[in-house]
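The values are calculated or read from the model by the stated rules, or taken from the named source; none is laboratory data. Everything numeric here is computed off the predicted structure, so don't read it as measured data. Positions of Cβ are backbone-derived with ideal geometry, glycine not excepted, and every protein chain shown enters the neighbour counts.
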Amino acid sequence: MNDIERRVFVKQGALALVALGLPPDFLLKPLLAGTRGLARKKTHICRLQRGAVDGLSMVIPFGERAYYGSRRSIAIQEPGSGDGSVLDLDGFFGLHPALRPLQELYGRREMAVVHAVGSPHPTRSHFDAQDFMETGTPGVKSTSDGWLNRVLQDTGCADCGGRTLGNPTAHAADHAAGQSSMAAVPALRGISMTSAFPRAMQGDHPALAIPDLNNFGVRHDDQVGSAFRRLYRTEAGDAVSSAAEEAFDAVRLLETIDPSRYEVAGGAEYPSGDFGRSLRQIAQLAKADVGGWDTHVRQGGAQGRLTGRLIQLSQGIRALYDDLGDLMDDVVILTMSEFGRTVAENGSGGTDHGHANCMLALGGSVNGGRVLGDWPGLERERLYEGRDLAVTTDFRDVFAEVVSGHLGAEHLERIFPEYGSDPGRYRGVLR
Amino acid sequence: MSALKRVTLCISVILIPGVAMAPPAYPQGTQSADRARAVHLLQRATYGPLPQEIEGVLSAGIPDWLDRQLHPEHVDDSALDPMLARIPVASMSIGELLERYPPSQVTRSVRELVQSDSLGATEQRGLRRELREHSSRRILDGLATARITRAVHSERQLQEMMTAFWFDHFNVFWGKDATRSLVADYERNAIRPHVFGKFEDMVLATAQHPAMLFYLDNFQSVAPDRSPQARVRRDDITRRIQRMPAQERERAQQRMEQQQRRGPGGFNENYARELMELHTLEVDRGYTQADVVDVARILTGWTFGERGSRIQMRQAQASYEDGHLLLPEIDYGDAYRFRFRSQLHDGAEKTVMGHVFEAGGGQGEGVELIRLLAHHPSTARHVATQLATHFVADEPPASLVDHLAEVFLATDGDLREVTRSLFTSDEFYDATVVANRVKSPFLLVASTLRMTHGRTANARVLMEPLRSLGEAPYLAEAPIGYPETSAQWASSGAMLSRMNFATSYVTGELPGLGPDGDRLFSEIHMRGGEGLTGLTEALLPGTDASELIAIIQEELQTNPPASQREGGVRALGLILGSPEFQRH
């Protein structure tokens, strides 16, 4: 729809930031493969970069003089100035050199960038901003569930003609009696690779948290497992028991997928080692995201702390991408972070809490090879509160486009209450 | 192993149907209401309601028992000393820790040597072992062992509970570089002595502790025009501009002016923001970005030690001599001592939430600021809400929060009185509150050991299960620490990890750890308890465990264990992994 418009955008009002992320990466292929014969499963991977990544270092507006003026020690050299210079995307924006594995995906038009995206709420608190990004209701603290959970509720079960899961337990029983699709365990529709549920996944639809791939299952023998199963069944209805029951159901289903037949396709290079280790690494990557982006001190330029993080991120995504191969046609990956960081570097070679950020969208159905959104500019008078990148795209517009266009969600007014969905605001992330 | 065998012998009785259902060992009626209150108090204020502790509360009465716990210096804890003495890290100073577990730069060349092929296999193995012994990872092992040992064995249970709570409130992350050597001292001197003291003192102690100064970067936050780098940079640029051709000179001059306009760059607002948001006022309490900036300016110059001694410390190199690792002798002593450096301080006037700090306030204005924040009504509410959430209910009764906030303000932030009010309030003992929380992972692990008289010498191996359960002590990376609400711990994956933990603990899979079945069962016996009923009464006091008992019995009949030992271990594991044991 709208490629980034270089016209200078007059700042109006306030905006804050957004994003969210959960990585159900590793189960993806077996699940997709296992259900291929039944129906094509659309999958959405959110990777939340908690701690507020410096978006101006991920996707760099090297065409802005003010970028170099504001970041004396941490700016990345213009494209073509040797090792560690910006990887040019379109003559104005470029990728951090650590994101080289993603450059090719951009070239294949399978990765798009949305820049100056964020939340309309001005908070610079990590915890509030993450909350708002995960509930999808900026400024409203009383929202009890996450928008991803509302997406699960709304998209219901494709195997049942799209009806929503009014009563997940009954629904699960229906399936358990009949078919063995993954919808038989509704919790498998939403997976978070964390030990506690992220806010975005909390809500009425069952979902699964898998903190540790190797430890997911009841160890020892079936007898211990079945005894625990019975213990937890006696208390149906409370949080502890329903969490345990979902886990048992998921374990049973996962056991039917034979991991030994799952081989890495496409010569994927995970950050290191064999596939089993790779899965662990992805899980670790997910865990390592907590706080690691909060670069108040010596974040570095082409080399340094942030670079190490970005290498992990880009290699992890690229490895997953290559491994899934043409299954990526059914997957959309979004990266997101609660807000951006100050345009100017601070006194310690780092950046403080800012406002707008950038998001990456990847997948076969992404309308890639473009930097989307309105670019507000980095001249001081164009900055939000005189110091931060202004928000010109509400993060909900990106989420809404993906969940409606890709996942087929219909009731966006329920998923994003009091905001809803206006396709006129979509940035054209999807083909 | 032998303890496990004994567990079995005692539990074997449960395998015979009918025998196990002994009548409850405790009387009913009004006394049972008192007992229920005592159990509830111990479930929340300690790491597990041991039977003898229940009796202790009943005989002293709740107010007196609580009063003793609120004065830990009056509680004899000498049995703990020999256990802590075996964990050197627990008592080592920052300097001693740095000396014994030096920063990684110090051992770099020796580690490179180990990687190379220049050593023989035996020498290499020996050096590797020595490096491991001096690795900072050992600090974390020691800290974790001490935290668990105290939780399980200390008689000063409430002090341990509150130390963990306030550590999390003023969280620092062990994994951030220099913090490794600082966390032990931080807990020992900035947190523990203040948990029943004045809140203001704890804020000040954390603000001036190198662990916090380092973790949230304040140690290098300096007034913009005072930063040596800024001065050098400015002079350098001015010289370069003067050498430029005239037509370029003008543009460069403009650019420099533009940069000077872009505002202050010398300070770092990381700590200032969290001080207000997490430590005192809470977010959205009427302060603005401008207030955050001025708090940061007030705290410029709050730093530590001699930069020179830290540089010297990093430059020092360990060596390999005569087949051994030789650590350099450095005086680490002052590298991390709190200092106010006035030459780095922003001396101009500041305003925080309408309160004017006049120019030239020096270090004193930072103390004044902390006093202002620590006594603010928003802080009182914040602290009250956190305590009520953590110790009472995820959505605490408003009346309780109001009451605790009032006590906080009326007592000048006296945490002893606030804590006392918390555990004596009607709301705390309300029926809807009892057993309504899911144990946090640390509480689950600690209560498992405490209730089964588990050994703790090798407690460091518990870090792995704690990590997988989601609450490894000292490893919360974000300044907000671990979740306060209990609902967040009840996720599906974590539930499996809990069951697996119970099973591996009782089967002896965790090396050096396991229940002391001998003691557990002789105590049950002495109280007149028997079999599975006695066991559930000991581990789940005040809980109706009839269904649990029935299922375990049925299970053992349906799947007869190969041996008595196996049956006993399975029963204990099922109780510790049961939904009842996950709540408190």
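For first residues located in the range B:312-324 and on the phi < 0 side of the Ramachandran plot, partners that are crowded, with 16+ Cβ neighbours inside 10 Å and assigned to a strand (DSSP E or B) and lie 6+ apart or on another chain with Cβ distances below 9 Å form the pairs B:ALA318/B:LEU325; B:SER319/B:LEU325. For the range A:350-376, the set of residues classified as buried (at least 22 other Cβ atoms within 10 Å of the Cβ) and on the phi > 0 side of the Ramachandran plot consists of A:GLY363, A:GLY373, listed by residue number. Scanning the range B:132-157 for residues that are hydrophobic (A, V, I, L, M, F, W, C) and under 9 Å from B:TYR101 (Cα atoms) turns up just one, B:ILE139. If we scan the range A:93-103, do we find a residue that is of a type outside the set (Lys, Arg), in contact (Cβ under 8 Å) with a residue 60 or more places away in the chain and part of a loop (DSSP other than H, G, I, E, B)? So far as the range A:93-103 goes, yes, one or more of its residues are of a type outside the set (Lys, Arg), in contact (Cβ under 8 Å) with a residue 60 or more places away in the chain and part of a loop (DSSP other than H, G, I, E, B). Among the residues of the range A:378-399, the one identified as among the small types (Gly, Ala, Ser) and touching a strand residue (DSSP E or B) at 6+ places or on another chain (Cβ under 9 Å) is A:ALA390. When the residues of the range B:179-213 are filtered to those that are within 14 Å of chain A (Cβ to nearest Cβ) and crowded, with 22+ Cβ neighbours inside 10 Å, the one that is nearest to the chain's Cα centre (by Cα) is B:MET212. Restricting attention to the range B:343-368, the residues that are free of Cβ contacts under 8 Å to residues at least 24 places away in the same chain and of a type in the set (Asp, Glu) total 3.
Quick one: B:SER522 ticks every box in (1) within 18 Å of A:VAL224 (Cβ to Cβ); (2) of a type in the set (S, T, N, Q); (3) in contact with a Cys (Cβ under 9 Å, 6 or more places away or on another chain) bar one, so which box is it? For B:SER522, the exception is condition (1). Can you find a residue that is surrounded by fewer than 18 Cβ atoms within 10 Å (Cβ to Cβ) and over 25 Å from the mean Cα position of the chain (by Cα) anywhere in the range B:490-512? Looking through the range B:490-512, at least one residue is surrounded by fewer than 18 Cβ atoms within 10 Å (Cβ to Cβ) and over 25 Å from the mean Cα position of the chain (by Cα). Note on the range A:358-374: residues that are assigned to a loop (DSSP other than H, G, I, E, B), at pLDDT 95 or above and either farther than 24 Å from A:GLY420 by Cα or charged (D, E, K, R) (or both) total 3. Of the residues making up the range B:196-210, those that are out of contact with any Pro (no Cβ under 9 Å at 6 or more places or on another chain) and closer than 30 Å to B:HIS74 by Cα are B:GLY197, B:LYS198, B:PHE199, B:GLU200, B:VAL203, B:LEU204, B:THR206, B:ALA207, B:GLN208, B:HIS209.
Scanning the range A:298-317 for any residue that is modelled with pLDDT under 90 and over 30 Å from B:ASP217 (Cα atoms) turns up at least one such residue.
Scanning the range A:396-424 for residues that are at pLDDT 95 or above and among the basic types (Lys, Arg) yields a count of 1. Would you be able to tell me the number of residues in the range A:327-376 that are within 14 Å of chain B (Cβ to nearest Cβ) and small (Gly, Ala, Ser)? The qualifying residues number 7. Within the range B:173-202, residues that are within 21 Å of B:GLY95 (Cβ to Cβ) sit with their Cβ atoms under 9 Å from residues that are basic (Lys, Arg), at 6+ positions apart or across chains, in these pairs: B:TRP174/B:ARG180; B:ALA178/B:ARG310; B:ARG180/B:ARG137; B:GLU187/B:ARG147. Close Cβ contacts (under 8 Å, 6 or more residues apart or on different chains) running from residues in the range A:63-86 that are at positive phi to residues that are polar (S, T, N, Q) and at pLDDT 95 or above comprise A:GLY84/A:GLN77. Selection of the range B:555-572 for residues being surrounded by fewer than 24 Cβ atoms within 10 Å (Cβ to Cβ) and at the interface with chain A (Cβ under 8 Å from one of its Cβ atoms) yields B:GLU555, B:ASN559. In the range B:294-315, of all residues being buried (at least 18 other Cβ atoms within 10 Å of the Cβ) and more than 15 Å from B:GLN220 (Cα to Cα), the one that is nearest to the other protein chains (Cβ to nearest Cβ) corresponds to B:ASP294.
On the given criteria, is A:SER181 hydroxyl-bearing (Ser, Thr, Tyr), modelled with pLDDT under 55 and more than 22 Å from the chain's Cα centre (by Cα)? The answer is yes for A:SER181. Among the candidates A:ASP323, A:ASP294, the residue that is crowded, with 21+ Cβ neighbours inside 10 Å and in a helix (DSSP H, G or I) is uniquely A:ASP323. Scanning the range B:264-311 for residues that are part of a loop (DSSP other than H, G, I, E, B) and closer than 22 Å to A:GLU345 by Cβ returns B:PRO264, B:GLY265, B:GLY266, B:PHE267, B:ASN268, B:GLU269, B:LEU299, B:THR300, B:GLY301.
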